[in-house]
Amino acid sequence: MSAHAPLRKIIITIDGWSSCGKSTLAKQLAGALGYIYIDSGAMYRAITLYFLRNHVDWTKLRAVEEALRNIAIEFIFNPNSGQSETFLNGENVEYVIRDMVVAEKVSEVAAIKAVRDFAVSQQQAMGKGKGIVMDGRDIGTVVFPRAELKIFMTADNAVRVERRFKELYAKNPNLTIEEIKANLEMRDYIDSHREASPLRQAEDAFVLDNSNLTMKEQLDIALRWARERIKGIVT
Ligand code: DC
C-alpha cells in the first residue's frame, strides 16, 4: 500500500423514521467528506407532486406507468444555497415538494411498487461512482445493500414532532401540533407496513438516536464511523 494512495470513496446510507434529522446529518456528512448528498425522499415527493397536479389515479397501474414515462427528476447544485435542489421536468420544485399537501399523500405513492422500481433504479445509478450519502427508508436494505456504512436514525416521538412543527410553522402558521403528529404517525405506519421494501433497520446498520444530541455531537459520531470505514478499505 502506497503512503500516498488516495482514499477510496464509500457509500453511506441513512435510513430511519420521518423527521428524525436524516437529511441534516446527511448534508453535514457529505459536506465534511466532500461527498454528494442525495435526498431519495425528494424523488417520491416530486412524483407525488406530479400525480397530484396531473390528477393521476394512482390506484390504477396503467395510469401510474403512463405517468412515470413523463417524469424526469434531476438534482441540480445551486451555488447560492450550496445545496442540490430537486427539479421535476425542468422546474425547480425543491420548495413546493415540502408542502403538507404533498406530505399527506407521499407515503401512499411511495408504497406503489412501480414507483419504487422507477426511483430505485435511478438511485442506484447515482451511486455508481460512490462518494455519496443518500438518505431515505430503504437505502441500506434495498438500494445499496452492500454499502460500506449504514446508519439507522431514530429519535423520541415528541422530539420529532417538535422539530417538524418548527420547520413547517414558518411556512404555514395555521398548522397545529396535532396535525403534524398525526401526519408523522401516519407516514411512519405506512412506510413500515407496506409490502414493497418497508422501512426496517438493516442488520449491519449502526443505530444513531439523536433525541439528546446536538448537531455537532451527531456529526462527530457519524464521522468517526465513516472514517473508520474509509480507512478500512484504503487502497
Ligand atoms: O424523507 P422524506 O420525509 O422526504 O420522505 C417522504 C416520503 O417518501 C416518506 O413518507 C417515505 C417515502 N420514502 C420512501 O418510501 N423511501 C425512501 N427511500 C425515501 C422516502
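Looking at segment 109-118, is at least one residue within 14 Å of the ligand (Cβ to nearest atom) and open to solvent by 60 Å² or more (accessible area, probe 1.4 Å)? Don't jump to the end; show me each part of the working.
Step one: list which residues in segment 109-118 are within 14 Å of the ligand (Cβ to nearest atom), which gives 109-118.
Filter once more, keeping what is open to solvent by 60 Å² or more (accessible area, probe 1.4 Å): 113, 117.
Among the residues of segment 109-118, at least one is within 14 Å of the ligand (Cβ to nearest atom) and open to solvent by 60 Å² or more (accessible area, probe 1.4 Å), which makes the answer yes.
Within segment 128-142, take every residue that is assigned to a loop (DSSP other than H, G, I, E, B) and open to solvent by 40 Å² or more (accessible area, probe 1.4 Å) and give me the one that is nearest to the ligand (Cβ to nearest atom).
Among residues in segment 128-142 that are assigned to a loop (DSSP other than H, G, I, E, B) and open to solvent by 40 Å² or more (accessible area, probe 1.4 Å), the one nearest to the ligand (Cβ to nearest atom) is Arg137.
Given the residues Ala32, Ala42, Ala72, which is the only one that is buried (at least 20 other Cβ atoms within 10 Å of the Cβ) and aliphatic (A, V, I, L, M)?
Step by step, each of Ala32, Ala42, Ala72 is checked, and only Ala42 is buried (at least 20 other Cβ atoms within 10 Å of the Cβ) and aliphatic (A, V, I, L, M).
Quick check on my filter: what residues within segment 36-94 are assigned to a strand (DSSP E or B), among the polar types (S, T, N, Q), at pLDDT 95 or above and closer than 20 Å to Lys22 by Cα? First the steps, then the outcome.
Looking only at segment 36-94, we keep the residues that are assigned to a strand (DSSP E or B), and these are 36-39, 73-78, 83-88, 91-92.
Restricting the remaining residues to those that are among the polar types (S, T, N, Q) gives 78, 83-84, 86, 92.
Narrowing further to those that are at pLDDT 95 or above: 86, 92.
Thr86, the sole residue that qualifies.
Being of a type outside the set (D, E, K, R), out of contact with any Ser or Thr (no Cβ under 9 Å at 6 or more places or on another chain) and open to solvent by 90 Å² or more (accessible area, probe 1.4 Å) is the filter here; which residues of segment 171-223 pass it?
Scanning segment 171-223 gives Asn174, His193, Asn212.
Quick check on Ala125: is it near the ligand (Cβ under 10 Å from one of its atoms), open to solvent by 10 Å² or more (accessible area, probe 1.4 Å) and hydrophobic (A, V, I, L, M, F, W, C)? Show your work before the answer.
On the way: near the ligand (Cβ under 10 Å from one of its atoms): no; open to solvent by 10 Å² or more (accessible area, probe 1.4 Å): yes; hydrophobic (A, V, I, L, M, F, W, C): yes.
Criteria not met by Ala125.
When you look at Pro145, is it part of a loop (DSSP other than H, G, I, E, B), away from the ligand (no atom under 11 Å from the Cβ) and modelled with pLDDT under 95, yes or no?
It is false that Pro145 is part of a loop (DSSP other than H, G, I, E, B), away from the ligand (no atom under 11 Å from the Cβ) and modelled with pLDDT under 95.
Sort through Ala202, Ala222, Ala226 and tell me the only one that's closer than 23 Å to Arg146 by Cα and not in a helix (DSSP H, G or I).
When all the criteria are applied, what remains is Ala202.
The values are calculated or read from the model by the stated rules, or taken from the named source; none is laboratory data. A quick note: this is a predicted structure, and the numbers were derived from the prediction, not measured. All Cβ positions, glycine included, derive from the backbone under ideal geometry; neighbour counts span all protein chains shown. Quick note on the areas: whole protein, heavy atoms, side chains included, nothing else; ligands and nucleic acids left out. Shrake-Rupley method; radii C 1.70, N 1.55, O 1.52, S 1.80 Å.
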